[in-house]
Amino acid sequence: MMDKDILAKGLKIKIIGDSVAAGEGSSASYETEELIFEDDGTKFFRRVAQNSWWGLLEQYLHDNYIKCTVENKGCGGAFSYQINKYLDTLISSDDNLVLVLMGLNDRKRMNGMEELKANCECVVDQLISKGKMVILLTPTPSVHSNEYYPNRIYHTDEVVEILRDIADSKKVPLVNNYKYIMEYLAENQLTIDDVIYGEGCINDGLHPSDYVQKLMFQNLIKTLQI
């Protein structure tokens, strides 16, 4: 899917979205003091996550002498309306490829899925109008107890459906992590509970462990044919 000639020239890859975009959940992951944006008194800081899906991508590009740079501005706890509102802060003029992963936090909002659809479509449209290549990514499955917390008005499969429909309608690539991991679990007779926990990881049943982060990375490489 990714033209090898384009990769050879080098791309500046930007990642935006929520905590899963930022790599939260992986081991050796920590929040820095670098402020990305502040909204209504809430501050969002940059995260370093070498064992995350995007940390593995960065290492893969380096190991294969692909002269692309990766910058992550995922914001833990951010809603889609905040990603949309601060898009110009998240994106730089020299970004070539933008990976967008968001939607889980919108499950907590009364009209969350309507907001996700409207905001994600707006983000994609703006990025395309700025001449950026855009790729949408879906979140990963979570354990039943986390998926059905009292504040979960909507569920992950609904988020995935909206992102899939937007990718189809806007004709942008979709890296469907949810589908990939669910199929992996079925093929190996596992449940998400078997893989979402790991040593040194957050282990909250939502944020991906190193094991799941690696699956996300593998799915990205496979989907984009890098």
Q | Listed pairs Lys67/Lys108; Lys14/Lys43; Lys12/Lys108; Lys43/Lys171 exceeding 30 Å between Cα atoms | A | Lys67/Lys108; Lys12/Lys108; Lys43/Lys171
Q. Semi-axes of the range 14-224's equivalent ellipsoid from the Cα gyration tensor, sqrt of 5 times each eigenvalue, largest first, rounded to whole Å?
A. 23, 21, 18
Q: Treat the count of other C-beta atoms within 10 Å as a stand-in for reagent exposure and order Thr223, Thr32 from fewest to most.
A: Thr32, Thr223
**Q.** ³J(HN,Hα) computed for each position of the range 50-66 - Karplus, 6.51 cos²θ - 1.76 cosθ + 1.60, integer Hz, glycine/proline x
**A.** 5, 9, 7, 4, 7, x, 5, 4, 4, 5, 4, 4, 5, 5, 9, 6, 8
Q: Among Asp95, Asp193, rank each residue by its count of other Cβ atoms within 10 Å, from fewest to most, as a rough exposure measure.
A: Asp193, Asp95
Q) Amide H to amide H under 5 Å from Ser142: which residues, 5+ apart in sequence or cross-chain, H placed 1.01 Å off N in plane? A) none
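I need His207, His155 ordered by Cβ neighbour count within 10 Å, fewest first. The partial results should precede the final answer.
Values: His207 26, His155 14.
Going from sparsest to densest Cβ surroundings: His155, His207.
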Q) In the range 147-198, which trypsin sites (Lys or Arg not before Pro) are in a loop and have at most 12 other Cβ atoms within 10 Å, using DSSP for the loop call? A) Lys171
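In the chain, what percentage of the DSSP-assigned beta bridges are antiparallel, given to the nearest 5? Kindly include the intermediate steps, with their values, before the conclusion.
Details: 7 of 24 bridges.
Bridges in the chain are about 30 percent antiparallel.
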Q. Using θ = phi - 60° and the Karplus form 6.51 cos²θ - 1.76 cosθ + 1.60, what ³J(HN,Hα) does each residue of the range 149-154 get, whole Hz, x for Gly and Pro?
A. 4, x, 7, 8, 6, 10
Q. Could you give the distance between the Cα centres of the range 164-189 and the range 56-70, to the whole Å?
A. 23 Å
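Over the chain, what relative contact order in percent results from Cα pairs under 8 Å that are six or more residues apart? Don't skip to the answer; put the middle values down first.
Working: 442 pairs, mean separation 56.5, N = 226.
It comes to 25 percent, rounded to a whole number.
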Q | In order through the range 196-206: 3J(HN,Hα) via Karplus (6.51 cos²θ - 1.76 cosθ + 1.60), integer Hz, x for Gly, Pro | A | 7, 9, x, 5, x, 9, 5, 6, 9, x, 10
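The numbers here are math on the coordinates, done by the rules we state, and not lab data. Just so you know, these numbers come straight off a predicted model, no measurement behind them. Methodologically, a virtual Cβ is constructed for each residue, glycine included, from the backbone with ideal geometry; neighbour enumeration extends over all protein chains shown.
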